[in-house]
1. Label points 7 Å out from Cα along the Cβ direction at Thr20 and His97: separation in nm?
2. Between 0 and 90 degrees, rounded to the nearest ten: what's the tilt of helix 221-234 against the longest Cα principal axis of the chain?
3. Contour minus end-to-end for Arg249 and Asn192, with contour as 0.36 nm per residue of separation and end-to-end as the Cα-Cα distance?
4. Lys152 versus Cys130, label points 7 Å from Cα toward the beta carbon: distance in nm?
5. Ratio to report: Rg/Rh of region 149-279, with Cα atoms as the point set and Rh obtained by the Kirkwood method; give two decimals.
6. What share of the DSSP beta bridges in the chain is antiparallel, in percent to the nearest 5?
7. Out of all DSSP beta bridges in region 1-73, what portion is antiparallel? Express it as a percent rounded to 5.
8. With 18 Å as the limit, write out which pairs from Lys4/Lys118; Lys4/Lys153; Lys118/Lys152 have Cα-Cα distances beyond it, or answer none.
Amino acid sequence: MAIKEIQAKVLLAHVRQPDTWFGLRYNMNLYRGCQHRCIYCDSRSECYQIEHFDREVLVKANAIELLQKELARKRVVGTIGLGSMNDPYMPLEAQVHLTGRALQVIARFGFPVHVVTKSDLVLKDLEALCEINRTYAAVSFTVTAADDDLAKKLESGAPLVLARFRAMQTLAEHGIHTGLTMMPVLPFIEDNEENIRQIVEQAHAHGAAYIVPSFGVTLRDRQRAYYYDRLDELFPGLRQRYERAYGERYHCPVPDAERLARVFDDLCRQYGIATRMTPYQPGATKQLSLF
């Protein structure tokens, strides 16, 4: 996969308010493209204008300078989201350290963050996240398949699921608000009780405070074409089942979504896991003890 540097004009994008999912006010993407090769990724869609999503990663070389300037001008402190269009902890981050340097800047300015990732590489920035957590820091690990063999088919460039759970446990032990984004749950592949049960049980065992689910997948234009090509390769015959069930629909819920959601909710109640994350609340800044 090719790696190229680009110069960005703007780094922080405003999130339409209110954000009822994660409580974000700003979004930040330090890269364009991703190395995790998840077969269902919506960022392949034409509307995002990323022409070579699976063949190159563009690194925003001036990101740290831009971030410093933009944060200095912000009059409203709000949560900065990382991980909407790519994974901020793809393997390249181990060499470039762009996410790590950005978190250090955010810590200096006292802004809260919410990171979404599939990688245990986030642990390299544990110190910066703990510093940010004096205000608010949350890390959500995306897990949609409990079985590593299945996950490797669906997310061939991402770390093993067990590595994500272990990283989540470490963050929880350091007081970071952490849990799972269980999305998308792929129809006819991941939408079974055993998979959902195993995910919830592993989340509980590794300190998850919350699991945010979405029982289905979204499909459009280039993303749908890519996804169907991968289905032909990995799950022969399944593409035709999707076409019969969903046609050209954008939102593709799992066939028994309501029942599966009830199973999920019952399990979360049993284990004391929230089904929504607790967002940053202005005025609720953590105070260090004087003693």
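Read the figures in this text as sums done on the coordinates, not as results from a lab. Fair warning: this is a prediction, and the values are worked out from it, not measured in the lab. Because the Cβ atoms are built from the backbone with ideal geometry, glycine has one as well, and the counts that use them run over all protein chains shown.
1. Here the answer is 4.2 nm between the modelled labels.
2. Taking the Cα atoms of the chain, the angle to 221-234 is about 60 degrees.
3. Between Arg249 and Asn192, full extension yields an extra 18.3 nm.
4. 3.4
5. 0.99
6. Here the antiparallel bridges make up roughly 25 percent for the chain.
7. 50
8. Beyond 18 Å: Lys4/Lys118; Lys4/Lys153.
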